[in-house]
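S.K.: Below: one structure in structure tokens.
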Amino acid sequence: GGGAAAGGGGAALGLEASALFSPRLVRRFDLGATPLTCVVLAEDGETICAAGGAGVRVYCQRRRRMLRRSEVGTAPLTSCAQLRGFDLLCLGSTDAALHLYSVGRGQTVQSLPAGGSVAALALGEAGLLCCSAAGARLHRLVPTGLSAYGDQLSLPAALPPGSGLASAALHPELPLAAAGALDGGVVLWDLRSGGPPVRTWRHPGGAPVSGVAFSAGGLVSCSLDGSVLCARQPHETDVSPIELSAAGCGPPQRCITAFGSAAVSAGDGGVAHVWDVQRGRLETTVCSPSAIGAVAGPAVRSASLGAAGGGQLILGLENGWCEVW
């Protein structure tokens with residue numbers, strides 16, 4: 001969502017989530033960007049790529065130092081995803097473009113039209129899902145060296161006037177795509193048909209759905225009204241989503257990431273909630289060290305589970321700091 005990496009999105013469903021039910025802070029560092037709208041852990045399990053403002057920051061955990069710091073145009077970056085097996089980040093921007101950024105070269109190597117100001121990206125086997133105020137597009141990107149090409153598929157969504165999409169997710173195994181809307185709705189598509197959404201439902205408070213992610217327990221979503229929902233069988237129209245957290249019962253939730261049967265939602269105050277989706281309950285809560293006593297910490301703007309790193313939870317904060325749990 002904001003950010004999903006692999007963000008916003010979800011990791012492989014088979015990853016064990018039990019370690020994240022007892023998380024511990026491994027390290028935290030300042031990436032010098034405010035805020036971190038997207039964080040991604042590279043396939044090597046060590047390199048963290050983060051987007052903040054109009055810039056990209058690349059940090060190596062093993063060396064404990066910044067590898068690259070570069071600007072990508074002048075428009076704010078909203079989301080990013082790593083093209084698997086290639087030295088490329090796909091960056092979504094408010095300038096209605098997808099920028100392919102070479103981590104090795106530290107520069108943009110290609111820009112593709114996005115059809116509108118990009119709100120969220122999600123990467124999966126089906127391609128790259130790009131959501132914006134204009135709707136949703138599935139880009140079937142085929143990376144070739146330091147560039148990419150591919151066709152596009154527009155996913156129709158009957159959104160009310162003035163609304164748009166704010167978050168995106170692709171199922172890692174099934175041909176399903178999901179998006180969260182600014183009016184509190186959640187939209188689900190079957191990519192095999194390419195037709196209208198097969199199902200829609202709403203968060204009770206009607207605030208923007210800031211994050212969606214697929215887990216082994218179903219499709220989870222969070223909202224700025226503080227609610228967290230789970231649709232256990234998202235493609236079944238006669239099964240209502242369950243409420244993991246009710247609207248108004250907690251601070252605004254700004255991102256969500258899922259792995260195995262667990263999910264992590266996070267937001268204002270520097271607090272992240274770890275959910276057991278299968279059992280429908282809150283397992284634990286972690287708090288940023290920046291939150292001392294009754295003083296709320298900086299908001300968590302982005303979250304990503306690093307499957308390549310053996311289950312690292314990466315949090316990007318409002319103040320430009322990054323935390324690894």
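S.K.: Distance in nm between label sites at R63 and S240, each 7 Å beyond Cα in the beta-carbon direction?
M.R.: Placing both labels 7 Å along Cα→Cβ, they lie 5.5 nm apart.
S.K.: OK, next. Over segment 86-238, give the accessible area per residue in Å² for a 1.4 Å probe, as an integer. Intermediate values should be presented prior to the final figure.
M.R.: Working: 5430 Å² over 153 residues.
Accessible area per residue, segment 86-238: 35 Å².
S.K.: If you don't mind, another one. Semi-axes of the equivalent ellipsoid of the chain: what are they in whole Å, largest first, if each equals the square root of 5 times a C-alpha gyration tensor eigenvalue? List each step's numbers first, then the result.
M.R.: Numbers: eigenvalues 129, 119, 61 Å².
Taking √(5λ) for each eigenvalue gives 25, 24, 17 Å, largest first.
S.K.: Now a separate question. Take peptides 194-203, 222-231, 92-101, 207-216 and line them up by average Cβ neighbours within 10 Å, highest first, as a rough protection proxy. Write out the running numbers ahead of the final one.
M.R.: Values: 194-203: 16.5, 222-231: 25.0, 92-101: 21.7, 207-216: 28.2.
Ranking, from highest mean packing down: 207-216, 222-231, 92-101, 194-203.
S.K.: Also, I was wondering about something else. With a 1.4 Å probe and every protein chain kept in, tell me what percent of the accessible surface of the chain is carbon plus sulfur. Walk me through the numbers on the way to the answer.
M.R.: Details: 6090 of 11930 Å².
Of the solvent-accessible surface of the chain, carbon and sulfur hold 51 percent.
S.K.: Placing +1 on the Cβ of each Lys and Arg and -1 on the Cβ of each Asp and Glu in the chain, which of A272, W321, M66 has its Cα farthest towards the positive end of the resulting dipole?
M.R.: Going by the charge dipole, the pick is M66.
The values are calculated or read from the model by the stated rules, or taken from the named source; none is laboratory data. Quick caveat, the model's predicted, so the values are computed rather than measured. Cβ coordinates were reconstructed from backbone atoms using ideal geometry, including for glycine residues, and neighbour counts include every protein chain displayed. Side chains included, ligands, DNA and RNA excluded: accessible areas come from the protein's heavy atoms. Shrake-Rupley method; radii C 1.70, N 1.55, O 1.52, S 1.80 Å.
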